[in-house]
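What follows draws every value from the coordinates through simple rules; no lab data is involved. Small disclaimer: the values here were computed from a predicted structure and weren't measured. FYI the Cβ positions are ideal-geometry reconstructions off the backbone, even for glycines, and counts take in every protein chain you see.
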Ligand code: MG
């Protein structure tokens, strides 16, 4: 399986990092080795001084597809969950400045937190407004709503599947809202979809 991640998909977040709004989806991948096993803490890698959380809605692909029409895209995912796209912001900035790929900053071991709790999508039209948030040490640091995504999950699937075949079990991180920030040893992050707690991660 592969993990596809969308960047700059919320206007306020693109702005906070000084990025232009994208004309088409920006995407990159994380390997399956990036998934942080449930219950494990995240150890801050020694090669970064600025590790950031990015809370994101994650969709699960349950059908093989290539060149998927946006009008049919909702048939290709069956569940939504919540995760964190951990990012070594200092490393990412250096890569961006040097016009190099982001994998070093985004694809390292443990960089993908994915809740093991999945919400079945029965009727996509009823799933248009998904509220989610991230709390750090009991204080809310990020709030998001799926309606604020620049590119909807259907638009993302149509776009990405022009380049990559989507396979059963692939996951799509859909970008983070504003409020990203650093973590320190001892921090506890908790993600909520609606009022439901989806995950808890301790930083070590
Ligand atoms: Mg992200």
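Quick one: which of 141, 180, 188, 201 is closer than 16 Å to residue 42 by Cα and within 16 Å of the ligand (Cβ to nearest atom)? Working first, answer last.
Values: 141 fails: closer than 16 Å to residue 42 by Cα; 180 fails: closer than 16 Å to residue 42 by Cα; 188 fails: within 16 Å of the ligand (Cβ to nearest atom).
Checking each option against the conditions leaves just 201.
If I ask for residues that are in a loop (DSSP other than H, G, I, E, B) and either away from the ligand (no atom under 16 Å from the Cβ) or over 17 Å from residue 175 (Cα atoms) (or both), which ones from the range 68-118 would you list? Scanning the range 68-118 gives 68, 69, 98, 99, 100, 101, 108, 109, 110, 116, 117, 118. Note on the range 1-56: residues that are part of a loop (DSSP other than H, G, I, E, B), within 16 Å of the ligand (Cβ to nearest atom) and within 17 Å of the chain's Cα centre (by Cα) total 9. Scan the range 37-53 and give yes if some residue there is more than 23 Å from residue 137 (Cβ to Cβ) and surrounded by 20 or more Cβ atoms within 10 Å (Cβ to Cβ), otherwise no. Looking through the range 37-53, none of the residues is more than 23 Å from residue 137 (Cβ to Cβ) and surrounded by 20 or more Cβ atoms within 10 Å (Cβ to Cβ).
No other residue among 52, 62 is out of contact with any helix residue (DSSP H, G or I) (no Cβ under 6 Å at 6 or more places or on another chain) and in contact (Cβ under 8 Å) with a residue 40 or more places away in the chain apart from 62.
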